[in-house]
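Input: a single structure, listed below in structure tokens.
The values are calculated or read from the model by the stated rules, or taken from the named source; none is laboratory data. The model shown is predicted, which means the values in this text are computed figures rather than measured ones. We place every Cβ from the backbone using ideal geometry, glycine too, and count neighbours over all the protein chains shown. The protein model used for the area step is the full one, side chains on, heavy atoms only, and it has no ligands, DNA or RNA in it. Shrake-Rupley method; radii C 1.70, N 1.55, O 1.52, S 1.80 Å.
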Amino acid sequence: MLKIKPPDYKFCPFCGGKLQVRLEEERKRKYCSACNWTYYPHVAGSAAAVIIRKGKVLMVKRKREPYKNTWTFPAGFVDFGEHPTETLAREIAEETGLKIKKAELIKVLQSVDDPRSPGHFLFFYRAQVSGNKLKTDKAENTNVKWKDIKKTPKIGWKSNRYIFKLLKNRN
């Protein structure tokens, strides 16, 4: 288990009452005695696409922090109500200009180095896509490129380095 702490909320998001602490299921939980709401801390999720063609993997170069100017798999946070495969399709289209045909879950990891959402779950999918013309979201990335699996580029996220290493060892 990661040693991270959830946000330290002071007031109820529904009625504005001051939160108190009680023991529930052997854990200290914040709750609102006025409206009986209990805060259950939870983590976010993201989905990443591992797209391989002819010994190369498709990656994008980040334009902003964290890990500015490093390569990453096309990925993004799961929006509320969205399934990770829906996130995958959206992010592939936004970050590469390609369209998803098929996806298969490779691995679920937990982020240890993303200050935007500590401890979030990363769903890595092997994705098959259609299309050949690459186009990236210039607000997020500076480049989208097929990278040789045998030559590790400068990758920021530890989880992405781990997945790239798995790919490299398989080929």
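If you go through segment 88-136 and keep only what is closer than 30 Å to residue 7 by Cβ and either of a type in the set (Lys, Arg) or in contact with a Gly (Cβ under 7 Å, 6 or more places away or on another chain) (or both), you end up with 90, 91, 107, 110, 111, 116, 120, 121, 123.
Within segment 77-92, the only residue that satisfies the criterion of being open to solvent by 80 Å² or more (accessible area, probe 1.4 Å) and assigned to a helix (DSSP H, G or I) is 86.
Within the set 86, 25, the sole residue that is modelled with pLDDT of 95 or more and among the acidic types (Asp, Glu) turns out to be 86.
Consider segment 131-142. How many of its residues are touching a Leu at 6+ places or on another chain (Cβ under 9 Å) and either within 20 Å of residue 106 (Cα to Cα) or open to solvent by 60 Å² or more (accessible area, probe 1.4 Å) (or both)? Result for segment 131-142: 3.
Taken as a whole, segment 1-18 holds at least one residue that is touching a residue at least 40 places away in the same chain (Cβ under 8 Å) and not in a strand (DSSP E or B). Residues being within 30 Å of residue 160 (Cα to Cα) and either within 27 Å of the chain's Cα centre (by Cα) or modelled with pLDDT under 95 (or both) are represented in segment 33-40 by at least one member. Only one entry in 147, 101 is open to solvent by 50 Å² or more (accessible area, probe 1.4 Å) and modelled with pLDDT of 95 or more, namely 101. Would you check if residue 106 is open to solvent by less than 60 Å² (accessible area, probe 1.4 Å) and in contact (Cβ under 8 Å) with a residue 12 or more places away in the chain? Taking the combined requirement at face value, the residue satisfies it. The residue that is farthest from residue 66 (Cα to Cα), counting only those in segment 122-165 that are among the hydrophobic types (A, V, I, L, M, F, W, C) and out of contact with any helix residue (DSSP H, G or I) (no Cβ under 7 Å at 6 or more places or on another chain), is 146.
Residues are listed down the side, and each one gets a yes or a no for (1) open to solvent by 90 Å² or more (accessible area, probe 1.4 Å); (2) of a type in the set (Gly, Ala, Ser); (3) within 30 Å of residue 107 (Cβ to Cβ):
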{"residue": "3", "(1), (2), (3)": "yes, no, yes"}
{"residue": "8", "(1), (2), (3)": "yes, no, no"}
{"residue": "41", "(1), (2), (3)": "no, no, yes"}
{"residue": "66", "(1), (2), (3)": "no, no, yes"}
{"residue": "74", "(1), (2), (3)": "no, no, yes"}
